[in-house]
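Q: This structure is in structure tokens; I'll ask about it shortly.
The values are calculated or read from the model by the stated rules, or taken from the named source; none is laboratory data. A quick note: this is a predicted structure, and the numbers were derived from the prediction, not measured. For neighbour counting, all protein chains shown are included, and Cβ atoms are generated from backbone atoms with ideal geometry for every residue, glycine included. Surface areas here come from the heavy atoms of the whole protein model, side chains and all, with no ligands, DNA or RNA. Shrake-Rupley method; radii C 1.70, N 1.55, O 1.52, S 1.80 Å.
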Amino acid sequence: MCAYELTEDSMYNDGNKPPEWKDYKWHLKHSITTVETFEKATGIKLKNKQEIKKTLEKFPLSITPYYLSLVDKENYEVDPIYKQAFPDPRELRVARNDMSDPLHEDSDSVVEGITHRYPDRVLFTVSNKCSMYCRHCTRKRKVGDRDYIPSKKTIEKGIRYIEKTPEVRDVLLSGGDPLLLSDEYLDWILSRIKKIPHVEVIRIGTRIPAVLPFRITDELVTVLKKHQPLWINTHFNHPRELTDSAKEVLNRLADAGFPLGNQAVLLAGVNDCPRIIKSLMQKLVQNRVRPYYLYQCDLSKGLSHFRTTISKGIEIIEHMRGHTSGFAVPTYVIDAPGGGGKIPVGPNYLISWATNKVVLRNYEGVITTYKEPDSYEPVFCDRKCRDCKLQLNLEKAKEEETLGLVKLLSHYDETYSLTPQDNTRSKRNKG
Ligand SMILES: *Cc1c(COP(=O)(O)O)cnc(C)c1O
């Protein structure tokens, strides 16, 4: 199966790297998908082989030789790289609150491949392929699912939805990994989306720079450059993933002019430590990647052993805000089960407030006050922007529907409370 025969303990040490090492196709062809190949490639003798094989029947395995080469063989059982890539029998344990599709990406999907959750942007899953199957994948239900390869026809349906939905100004390509599509296919998708007049930006969410940096060929960069403004969000979870090859790729993408962000996931036993996350974020900014989100691990089935408490995430942000560069601090979010979207959480800095005065605390624990102006003359907004003294030029700006908390805060809407649909009290009072 493996054209390049791995000897025990070779583990792709420098001397052992095949001449094709920098060829991403070689890595895809030689991805490790069975326990036997894994043992052969690493010289590791797994203790619980039967259990792992059972896990693989439900959640398949795929690791690129590149990513595998980052595993610390001597300490693999506690290795953060190994844990993200290699199955753990605990994946078969279904915890009480686990769900198959916690973010309602399938049930909230307007057409196949498109989830339209927020007013002005959509998630568009254009690829089911991944070069590595991350054990903590939020779309674990789909991993290795051959039936899910979106055809050109399916993609067309998504594109048509965006075309006829003028409020969509931001299209987020995800998957799978969009960068595993061929250059031509990706070019076609991007060109089609780019042609839609109301689409202002496109973003790509990808783990390629972390798991298969060699895929970022100069040809691919040339294709992507045609479709600016294009934002690229990577997915690094541990400072050890920032290898020389990964850094080279990030710098090349930054040089090509793509704003780079990173979406990390907080994972028990992998990065649930303030020092690890801080070091990761600082390394990212050194390589011109702006930490974007730090995700609380989702409630997808098979992830229970990766979940931390929320308090751990808040503690991590407490260690960062004020202590390091503001642009190195990601927003810690919980992607709400049931499709509620991302909810930011973090330490509380506002301690109390009274008329014209708020009490705050800083990262050092200093308690301070901010005196609000006595003479602030608020603009009571009636949404008649044409007559407004702020003279907002609304040329081309779209009037958006007032939504959620904004409604409660506004002066032009009479709504004074939001009540859940199945609120017991209102049901009782109606009855
Ligand atoms: C995360 C996500 C987005 C983008 O959210 P931002 O906060 O703008 O990054 C859009 N749609 C869906 C369904 C998402 O999960």
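Q: Kindly flag which residue pairs out of LYS371/LYS407; LYS29/LYS49; LYS73/LYS226; LYS157/LYS247 have an alpha-carbon separation exceeding 30 Å in this structure.
A: LYS73/LYS226; LYS157/LYS247
Q: Oh, and also: Straight-line reach from LYS54: which aspartates and glutamates fall under 18 Å, measuring Cα to Cα and dropping same-chain residues less than 8 apart?
A: Once the sequence-local aspartates and glutamates are set aside, what remains near LYS54 is GLU36, GLU39, ASP88, GLU91, ASP145.
Q: I would also like to ask the following. Would you rank ASP106, ASP298, ASP218 by solvent-accessible area, highest first, keeping every protein chain in place and using a 1.4 Å probe?
A: So, going from the largest accessible area down, we get ASP218, ASP106, ASP298.
Q: Quick one: which residues, 5+ away or cross-chain, put their amide H under 5 Å from the amide H of ARG290? H built at 1.01 Å from N.
A: For ARG290, the qualifying residues are LEU260, GLY261, ASN262.
Q: On to the next question. Report, in debye and to the nearest 20, how large the dipole of the chain comes out about its Cα centre when Lys and Arg carry +1 and Asp and Glu carry -1 on their Cβ.
A: 640 debye
Q: Just how many % of Cα pairs in the chain lie over 26 Å apart, if you round to the nearest whole percent?
A: Tail fraction, whole percent: 63.
Q: In straight Cα distance, which lysines are under 20 Å from LYS312, not counting same-chain residues fewer than 8 positions off?
A: LYS83, LYS278, LYS342
Q: Loop sites only, by DSSP: take the chymotrypsin sites (Phe, Trp or Tyr not before Pro) in the chain that have at most 14 other C-beta atoms within 10 Å and name the longest stretch containing none of them.
A: The answer is 1-348.
Q: Around LYS342, what is the net charge, scoring Lys/Arg as +1 and Asp/Glu as -1 over all other residues with Cβ under 15 Å from its Cβ?
A: Once positives and negatives cancel, what remains is -3.
Q: In addition: Projecting each Cα onto the charge dipole of the chain (Lys/Arg +1, Asp/Glu -1 at the beta carbon, about the Cα centre), which of GLY176, ILE232, SER300 comes out farthest on the positive side?
A: SER300
Q: Now for a different question. Please report the antiparallel percentage of the DSSP beta bridges confined to the chain, to the nearest 5.
A: 40 percent
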